[in-house]
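Peer 1: One structure follows; several queries about it will come next.
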Amino acid sequence: MVTLRKISEEIPLEAEFIPYDLLSRLEVTMNDFLEALNEVEPSALREVFTEVPDVRWEDVGGLEEAKSMLKQIIEWPLQYADLFERADTAPPKGVLLTGPSGTGKTLLAKAVAHECGVNFISVKGPELLSKWVGDTEHRIRDVFKIARLSSPCIIFFDELEAIAGQRGGSETNVTERVLSQMLTEMDGIEELRGVVVLGATNRPDLLDPALLRAGRFEVRLELPVPDAESRRAIFGVHMRTKPLAEDVDLDELVRSTEGFVGADIEAVCRRAAMAAISDFLEGDGAKDPASLKLERRHFDSAVESVRRLRRTGTEPAARN
Ligand code: ATP
């Protein structure tokens, strides 16, 4: 079209035929492509891309109940489609993961996608919000469209409350329109077998109740703050590949981290590793990386610093 547009001015309006020499000059050049690139809007959202995440079940500590429930919801309809047909029933379309920040909602969603071998689209609620009228709805439509094209697929809406807050709160009706788009899409996914919507939120109280009705996010999984056994499992995940010294006492770590969520435990292990590296570099002993070990004291100071961070939200200036 760009090429044609350039030459169209030279075509006499009254001409019945386009002169041959004009036609023979028609040539699509690189510049025409570059010009066209400016005109074409990408139909798919930049932020939306499909992946198969690299998180496995063994990377998720604890949460056994949530794991098996998700597995059933996502794997069964794929594996036993005939049984669902025979029973004349449809699997749940939406699952809402709730629980405090850092309890592993995102991690679990990724793991289930990996283990069930389905595509995964991850969208953060606030990223979908656009200041342009109608744009957010358009983006939601796009997300579902891409999911349909990549079925079997899980759509993961993180911070769902950002796009599905309660109606009646805003003056501009934006929330209302965005929410009703979301409801329309969810109601319409019947024909798109193999698409499951996972939503995650720390604030289920902010969600519009319409979203929680049957046929939408009808299964709700609450991820708790991990108990001692789960904390042990989460430490296990994050210590698995770390070189630990003999004096590291897992029982003691589990006891001293009451109230810590998975993200805190991961932070403890990361900080312990950083402290060990720092000691290793400062020490004047052997410099063979194979001799690097994470010791009990590294973990103890890491637990303290994460505890302080949880309490005050600030880092001390000096290390530990
Ligand atoms: P937010 O609500 O803030 O988005 P979230 O519940 O989605 O938090 P994740 O992002 O899944 O939390 O967790 C953050 C990190 O904490 C993970 O990448 C992982 O390293 C660690 N983590 C959390 N829960 C677990 C768990 N059960 N087992 C192993 N690691 C965990």
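The values are calculated or read from the model by the stated rules, or taken from the named source; none is laboratory data. Fair warning: this is a prediction, and the values are worked out from it, not measured in the lab. Cβ sites come from the backbone with ideal geometry, for glycine too, and all protein chains shown count toward neighbours. All accessible areas refer to the heavy atoms of the entire protein, side chains included, with ligands and DNA or RNA removed. Shrake-Rupley method; radii C 1.70, N 1.55, O 1.52, S 1.80 Å.
Peer 1: Helix 228-239: angle to the longest alpha-carbon principal axis of the chain, degrees 0 to 90, nearest 10?
Peer 2: Roughly 70 degrees between the two axes.
Peer 1: Counting only protein heavy atoms and a 1.4 Å probe, tell me what percentage of the chain's accessible area is made up of carbon and sulfur.
Peer 2: Its accessible area is 53 percent carbon and sulfur atoms.
Peer 1: As a check on your grasp of the helix formula, calculate [θ] at 222 nm for the chain: sum -39500 (n - 2.57) over DSSP H runs of n ≥ 4, divide by the residue count, round to the nearest 500.
Peer 2: The per-residue figure over the chain is -14000 deg cm²/dmol.
Peer 1: Still on this model: Can you give the longest run of the chain that contains no chymotrypsin sites (Phe, Trp or Tyr not before Pro) sitting in a DSSP loop with at most 11 other Cβ atoms inside 10 Å? Before the final figure, lay out the partial values.
Peer 2: On the way: sites that count: 17, 132.
That would be 133-320.
Peer 1: Please identify the GluC sites (Glu not before Pro) of the range 10-119 that satisfy two criteria: DSSP loop assignment and at most 12 other Cβ atoms within 10 Å. Which are they?
Peer 2: 10, 14, 16, 27
Peer 1: Okay, moving on. As an exercise, use a Förster radius of 45 Å and the Cβ-Cβ distance of residue 312 and residue 32 to find the FRET efficiency, rounded to the nearest 0.05.
Peer 2: Values: r = 60 Å, r/R0 = 1.33.
It comes out at approximately 0.15.
Peer 1: When the chain is modelled as a GNM with alpha-carbon springs shorter than 10 Å, which of 228, 147, 113 fluctuates the most?
Peer 2: 228
Peer 1: Same structure again: Per residue, what accessible area does the chain have, given a 1.4 Å probe and all protein chains present, in Å²?
Peer 2: Numbers: 18540 Å² over 320 residues.
It amounts to 58 Å² per residue over the chain.
Peer 1: For the chain, how big is the tail of P(r) above 31 Å, as a whole percent of Cα pairs?
Peer 2: Of all Cα-Cα pairs in the chain, 51 percent lie more than 31 Å apart.
Peer 1: A follow-up question, please. Would you mind telling me which residue in 248, 143, 95 has the biggest mean-square fluctuation in a Gaussian network model of the chain, where springs connect alpha carbons within a distance under 10 angstrom?
Peer 2: 248
Peer 1: For the chain, modelled as a GNM with alpha-carbon contacts under 10 angstrom, which of 13, 37, 160 fluctuates the most?
Peer 2: Maximum fluctuation in the GNM of the chain, among the listed residues, is at 13.
Peer 1: In whole angstrom, how far apart do the alpha carbon centroids of the range 1-35 and the range 93-138 sit?
Peer 2: Their Cα centres are 48 Å away from one another.
Peer 1: What distance in nm separates the two pseudo spin-label positions at residue 288 and residue 90, each 7 Å out from Cα along the beta-carbon direction?
Peer 2: 6.4
Peer 1: Which of rounded, prolate, oblate describes the range 82-158, given a ≥ b ≥ c as roots of the alpha-carbon gyration tensor eigenvalues and a/c under 1.5 marking rounded, otherwise prolate only if a/b is larger than b/c?
Peer 2: On the way: a/c = 2.08, a/b = 1.32, b/c = 1.58.
Taking the square roots of the gyration eigenvalues as a ≥ b ≥ c, the range 82-158 is oblate.
Peer 1: Just to check, using Stokes-Einstein with a Kirkwood Rh over alpha carbon pairs, what's the diffusion coefficient of the range 1-133 at 4 °C and 1.567 mPa s in µm²/s?
Peer 2: 64
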